[in-house]
Structures are given as C-alpha cells and as structure tokens.
1. With respect to Thr125, determine if the residue is surrounded by fewer than 22 Cβ atoms within 10 Å (Cβ to Cβ), touching a helix residue (DSSP H, G or I) at 6+ places or on another chain (Cβ under 6 Å) and over 24 Å from Gly265 (Cα atoms).
2. Taking the condition of being closer than 30 Å to Leu414 by Cβ and modelled with pLDDT under 85, how many residues in the range 341-361 meet it?
3. Looking at this structure, is Gln268 at pLDDT below 90, open to solvent by 20 Å² or more (accessible area, probe 1.4 Å) and not basic (Lys, Arg)?
4. Could you please find all residues in the range 237-261 being under 18 Å from Leu301 (Cα atoms), in a loop (DSSP other than H, G, I, E, B) and open to solvent by 40 Å² or more (accessible area, probe 1.4 Å)?
5. What residue, of Ile394, Ile346, is touching a residue at least 60 places away in the same chain (Cβ under 8 Å), open to solvent by 20 Å² or more (accessible area, probe 1.4 Å) and not in a helix (DSSP H, G or I)?
6. Search the range 215-226 for residues being surrounded by fewer than 22 Cβ atoms within 10 Å (Cβ to Cβ) and touching a helix residue (DSSP H, G or I) at 6+ places or on another chain (Cβ under 8 Å), and hand back the single one that is farthest from Ala340 (Cα to Cα).
7. Among the candidates Leu12, Leu28, which residue alone is surrounded by fewer than 23 Cβ atoms within 10 Å (Cβ to Cβ), part of a loop (DSSP other than H, G, I, E, B) and either aromatic (Phe, Trp, Tyr) or free of Cβ contacts under 8 Å to residues at least 40 places away in the same chain (or both)?
8. Out of the residues in the range 460-490 that are surrounded by fewer than 24 Cβ atoms within 10 Å (Cβ to Cβ), assigned to a helix (DSSP H, G or I) and of a type in the set (Gly, Ala, Ser), state the one that is nearest to the chain's Cα centre (by Cα).
Amino acid sequence: MTGPELTLINWLLAATPVVLLVVAILWLNWSAPRAGAAAWLLALALALFVFGAARDHTAIASAKGLSLAVFVLTIVWTSVYLFNMVDRLKGIDAIGRTMAALASDKLVQALLIGWGFSSFIQGITGFGVPVAVSAPLLIMLGFSPARAAAMALVGHGWAVTFGSMGSSYYTIQLVTGIEGEVIAPHMALLFGPIIVASGMLVAHIQGGMNALRRSLPLVVVTGALMAAAMYALAWGGAPQIASSVPGVLGMVALALLSRTPLLRGAPQAETASETPPAGASEEPAAPPMPFILAFMPYVLLITLSVISQIGPVKEAVRGIHWSLDYPAFTTAQGFAVAAANDYAPIRILNHPAPLIFFSIVISAVVYVFAKRWRRGVAWEAMKLTYGQSLSSSIGVTTMVMMAVVMADTGMTVLLARGIANASGPLFPFVSPFIGLLGSFMSGSNTNSNVMFGPLQLETARALGIGTVTISSIQSIGASVGSPMAPAKVLVGAAVVGLAGKEREIFRIVIPYILGLVLLAGIEAIIIIELLPALSR
C-alpha cells in the first residue's frame, strides 16, 4: 500500500474536518479558535482510527503544525506591534494626512488612499487595519461612508499575500514545500494584472465609467510600476516588503503622474467633510508628527530588509537560526512522510520578525531622542497587539495543526485525487475560488493557505499540471477574496458609522471582488492550458 485507498467513503471521511470547519464558521457562527480546535480534534480521530496513523505520528504532525504556526505568527505579532506603536504616537495619522494632501482631485484622492495607502498599510499589518485607517480618511475628504469602506476593501486586496510582512506568502511557501525563490517571483508575476485591475475598480467605485475612463492611463502606468516593484522584490529575496514598497511607489507615482496628461479631463475638487468619521478620537489634538519621523520605522525596515539580502551579510548569518527536526514515519496504510530537518526555520536576518524587532527598538530610541516618545506607549501597543492577535493566533495554530495532520496521514492526497478526477481541465479556473472560500470563511489569507494550500498542490500533482502556478493562484484567490470576508466588512462598517448596515457595503464590494477572483481563474486557465511554457 502507498496510502489510503480512494473510495467514496474514504474521500467523504477525509473531507469531514474541512467540512466541519466551513459549517462551524459560516453556519454555526463559531469563532476561529473554536472551529479550528474542533476540526483539528476530528482530524486526529480520523488519522488514528481510520487512516492508520499511530499516536506518535499524530503527535509529530501536530508539533510540525505548531512550528509552522510560530514561524508565521511571530511575523504577525511583531508587525502589528510596530504599527500600533507608531499609531499611538500619531505617526499613522501623519502619514495618511500627508498622502491625502498630495492631490486635490477627488478621483486621485480615491486612488491615493483607497488603492495606494490602504495597500501600504496592508503591507505592514493586517486584521482589517487598512480599512480602519483608510476609510475614515476618505470620509474626511468628502466620500460617502459606504463607498469609502468599499474603496479601501477592494483597493488593498492585491497586497494581502505579501502583506503583513509576508505572513500569508510564507505560509503557502511552507505548507507546499516550494522553494521561496521559485514561488515568490512566479506569484508576483501573476499578481500583475490583479494590481492594475484593483486600481481600475477603485476608480469605478468612485465615479463609475467616467472615472474609469479618466484614470485608465494613469492606473495602467502606476499599476505596472507597482507590479514591476513587486516582481523585483520577490525575485530579489525580499518578499516581506513586496506589498509595502509597491504601495508607497504607487502613491508617489499617482501624485506625480496625475499632473500629466495621463489623467484625463478637468480636476474634480472635493470639499472635506466637517464631521469627523465614526470612531474618531475625541482627545485633544497633539502636535502633528513630521512625516519623516512618522515614516522612519518603515524606511528602516525596508533598509534592513535590503541589507539582509546582500551576499556577504546573508552568508555571515546563515547559520544563526531557530528550528526543530522531525523524524520520518510511515502509517499502517503505507503513507510515508519524509524526515523534516530545520523545519520552518526562523533566521536572524532572513525572517521578517527579527528585522521588525530591530526596527521597533531603533525607532523607539529615535523617538525618545526626538522627544516624540510618550510614557506608556510600549505597554499600550502591547495590549492592543494582544487583543487584536489572540483569537487569530489560536485560530491559525489549530488550523495549521489540522492541515498538517491531514497532510501527513494521507487525507489531503486522498482529497486531491478525488477532486482531480471530478474537475479535470476546469480545475485551474476553480482554484482561486477555493482560495476565496478559505479566506471568506476565516477572514484570513493565511488561514486559507493553511487549509487549502496542500490540497491544491496535491490536486495539481494528480492532474499533472503546474504545482507552482496552482499554489500561487490559491494564495492570489485568497488574497483578493479576503476583503469580502464578513470579519473585514464588519470592521469597515464600524469605522464608517454603518454598524448594522453592512449590507450597503457588501452590495458594493461583492461584484468587484468576484471579478478579481474571476480574473485570477482566467489567468490560471490561460497559463496552464494555452501557455504551458509559463506554467511551473
């Protein structure tokens, strides 16, 4: 035997942990930690009593899942902490207002904040923060609440995979086992049309077909620059900044190129709203922080990321890392799992978390000397990070352990073979919608990659098509689909004063998000079926 036999009963049993996860989140309204724990326990039971795993096999698989979760969550925790520290010092507000002041044209403002700034914020953190920060700024510039939330949601979706300092990217790379230098540039290449399309959709949300026609040359040129920057960073070994840097470049390009003939028609001036957005702070206004100081932690982080890729530096610290080794095993049904040495290593200068930590420490020192530090900020940022990250961290951990248990006991391969037999040549088109399903039900690109990344990989293998392309499309579908997740829409509704009226935002967002996922499916079909030389 080489693993579980593909029968209808076995396939249905192997699918039950994923089905439980979907039902628990979407229909039973369970939290991610509760649903993830239930699905993990069910996967353990099936592995032990149906698919021939021994107790030490499931223990090893669960421990590997925990190692993978630590690899990803250290990025999340440090990036969210850095954002909260800068935000509590009024730095994020200073960055946003500076960006908004770069243009007076209503359409350009929508693109700057809804497409560029929200994507930059996604590049450095997640958890709905891009919407929470960008939507109020758009309202202050005079946009209606529902459209402000919709522009921020649709505009930042392309930045999610390489966002949060690359947490979702590192997840898909680790769960599929594809080398980073292979999957990162391939995924960035596939993101190119998605980036341009996202800008076009933000323009359409702002002013319909007229706004789209006015801005089309501007969006195409700016989007191409952003896509080129993403590809260069992914190819150059810096995927952790492959969303934040293109976001900044996009804002600068929009500000400069909007004054050229690339923006058609007369400018549309916009009067700022006199009413502060919902949730705006009522504390006395503190002296504004200079933009250079506000942006300094991110310049520092980008600089450290570039330095870490310099050959001699990279070689000098290559051996400094934390990781664990896991033994090989074979289940009673003949499913063999290879030994994993240095599994999910956290390297001192090649993992985003240490680089973010260094940026936090250096930035805090600079703020103290610049007299911009406020007593208690470090603790406030810690409490905020704990509150924002706790539920997601438990959910990610349990779902990762479930996914690894399923993968290491043959369940994922079994599911993939069944899907391959059923879908055939249409699978590449369906692939991004599977990613969308994962992010819709969990609110997270990372969780979607954990749940469905191994499944998509094994299905591609069963069909004999490009595993790198399908793995990339999984994360792209989850990335652009995640803004449609109820968790993110609820954040958008709350910050713009539409709590309880989320339907107004859903009604705008859903067609645009489905359009982006459809574009990803068309890309996959074209590359795999019509241009196989580009598939990997």
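The values are calculated or read from the model by the stated rules, or taken from the named source; none is laboratory data. Model, not experiment: these values are computed from the prediction. Note that each Cβ is placed from the backbone with ideal geometry, even for glycine, and that neighbours are counted across all protein chains shown. Each accessible area value is taken on the protein alone, full model and side chains, heavy atoms only, with ligands, DNA and RNA left out. Shrake-Rupley method; radii C 1.70, N 1.55, O 1.52, S 1.80 Å.
1. no
2. Count: 4.
3. Considered against the rule, which asks whether it is at pLDDT below 90, open to solvent by 20 Å² or more (accessible area, probe 1.4 Å) and not basic (Lys, Arg), Gln268 comes out as yes.
4. Hits for the range 237-261: nothing passes.
5. Checking each option against the conditions leaves just Ile346.
6. Leu216
7. Criteria check complete, one pass: Leu28.
8. Ranking the qualifying residues of the range 460-490, first place goes to Ala487.
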